[in-house]
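Take a look at the structure set out below.
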Amino acid sequence: MPKPVLGQLQRRTPDAKVIFNFSSGNVAESQAQLERVMQTLRDMGLRSELTRVRPRTRIHHVATNAAERGIPFVVACGGDNTIDLAARGIVSTKSTLVLVPTGTRNNIARALHIPSDLEQAVRLIQDGKRSRIDMGRANVLGHEAVFLELLTIGLPAALFPALDDAQKGKLTRIGDVLSTFISHAPATVTLNLERGKHKITVQALMLVVLNMPYLGANFQIAANVDYQDGMLDVFLYADLGKLDLLTYALQVSRGFTDDPRVRHVRVKQLTIETEPPMPIMLDGNVLSGSALRRHALSLRAAPHALRIMMPSQ
């Protein structure tokens, strides 16, 4: 058999695609973190390919391209948004996601028990186990999107853009947070569960659909959200006013997760209507309020749709 020429060797598919977000977490440490990640891969004898990304980079397309080329591991280094987008790019493919938490909150890594030590997180490629976890699928106006963490409708989605900017140091946005909180009105929310088997209609300021147990600043609103049960967890905040929600948020921040005022249902699929239309947020991506029209939003669980490396124990 003839020996491969140099060009053929250079074109060999890498073992890992590294997606590193330099804007996540402590930016001053990003270069040193990247070097540690790349060195750990070399120490394991793995060939890697690197793409440095920023917030406006189309991260899910980078991950999709890696999966289409047959790269076995996509190593996503960043915060929850980076992980969300990388997961979106490789969902239902043969590529496996490797989480390296370099962000601020790292809710996904926390839920999956991924080590905070970067070398240990990378070494899960060899030391961990390949698992499958659920994703959520949302159909909005005929277009399907997948989400790993959560989908929210109403007040949280309306607050998120200004609140996220304020948390990142843009203090002028605090006024926008307050004005949005004051002006946001409740809507009539109708949930059609499991193809019409059950229907709920209430007045509410918000609802949350979770696939992962943590949100925000490592808050856990329920102790039994399972990312491998093939179900979506829906939390409906019916008849809770804004002061009630503030009190509830304070309780959650202190670890209290069981509030009888919050209705929790677990479903494989549902449709949601609101009147008037309310804004929607999927994993940090906010859609305008006009996107949620009558019969516009349907959700379903995508069981075991994402391959991911997790600790063996």
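Scanning the stretch 171-196 for residues that are modelled with pLDDT of 85 or more and of a type in the set (D, E, K, R), we see that the one that is surrounded by the fewest Cβ atoms within 10 Å (Cβ to Cβ) is Glu194. The single condition among (1) charged (D, E, K, R); (2) touching a Lys or Arg at 6+ places or on another chain (Cβ under 6 Å); (3) within 14 Å of Leu151 (Cβ to Cβ) that Glu273 does not satisfy is (3). On the basis of being in a strand (DSSP E or B), in contact with a His (Cβ under 9 Å, 6 or more places away or on another chain) and closer than 24 Å to Ala302 by Cα, does Leu191 make the cut? Against the criterion (in a strand (DSSP E or B), in contact with a His (Cβ under 9 Å, 6 or more places away or on another chain) and closer than 24 Å to Ala302 by Cα), Leu191 qualifies. Which of the helices (runs of 4 or more DSSP H) contained wholly in the stretch 63-128 include at least 2 residues that are within 16 Å of the chain's Cα centre (by Cα)? Where helices (runs of 4 or more DSSP H) fall fully within the stretch 63-128 and carry at least 2 residues being within 16 Å of the chain's Cα centre (by Cα), they are 80-90, 107-112. Taking the stretch 194-313 and the strands (runs of 3 or more DSSP E) fully enclosed by it, the elements with 2 or more residues that are among the β-branched types (Val, Ile, Thr) and in contact (Cβ under 8 Å) with a residue 60 or more places away in the chain are at 198-210, 263-267, 269-275. Put simply, of Phe256, Phe235, Phe219 the only residue that is among the hydrophobic types (A, V, I, L, M, F, W, C) and either over 25 Å from Ala185 (Cα atoms) or assigned by TED's automatic domain parsing to the domain that holds Ile83 (or both) is Phe256. Set side by side, the residues Ile90, Ile114, Ile83 differ, and just one is of a type in the set (A, V, I, L, M, F, W, C) and surrounded by fewer than 24 Cβ atoms within 10 Å (Cβ to Cβ), which is Ile114.
Hey, does the stretch 236-258 have a residue that's hydrophobic (A, V, I, L, M, F, W, C), exposed (fewer than 14 other Cβ atoms within 10 Å of the Cβ) and closer than 25 Å to Ile133 by Cβ? No, the conditions are met nowhere in the stretch 236-258. Could you go through the stretch 134-148 and let me know if any residue there is surrounded by fewer than 16 Cβ atoms within 10 Å (Cβ to Cβ), over 14 Å from Gly284 (Cα atoms) and in contact with a Lys or Arg (Cβ under 7 Å, 6 or more places away or on another chain). So far as the stretch 134-148 goes, yes, one or more of its residues are surrounded by fewer than 16 Cβ atoms within 10 Å (Cβ to Cβ), over 14 Å from Gly284 (Cα atoms) and in contact with a Lys or Arg (Cβ under 7 Å, 6 or more places away or on another chain).
Of all residues in the stretch 28-59, those being under 20 Å from Gln126 (Cβ atoms) and either free of Cβ contacts under 8 Å to residues at least 24 places away in the same chain or in contact with an Asp or Glu (Cβ under 7 Å, 6 or more places away or on another chain) (or both) number 11. Hey, does the stretch 110-119 have a residue that's free of Cβ contacts under 8 Å to residues at least 40 places away in the same chain, assigned by TED's automatic domain parsing to the domain that holds Ser24 and out of contact with any helix residue (DSSP H, G or I) (no Cβ under 8 Å at 6 or more places or on another chain)? Yes, the conditions are met somewhere in the stretch 110-119.
The values are calculated or read from the model by the stated rules, or taken from the named source; none is laboratory data. Quick caveat: nothing in here was measured; it's all calculated off a predicted structure. Neighbour counts run over all protein chains shown; Cβ positions are idealised from the backbone, glycine included.
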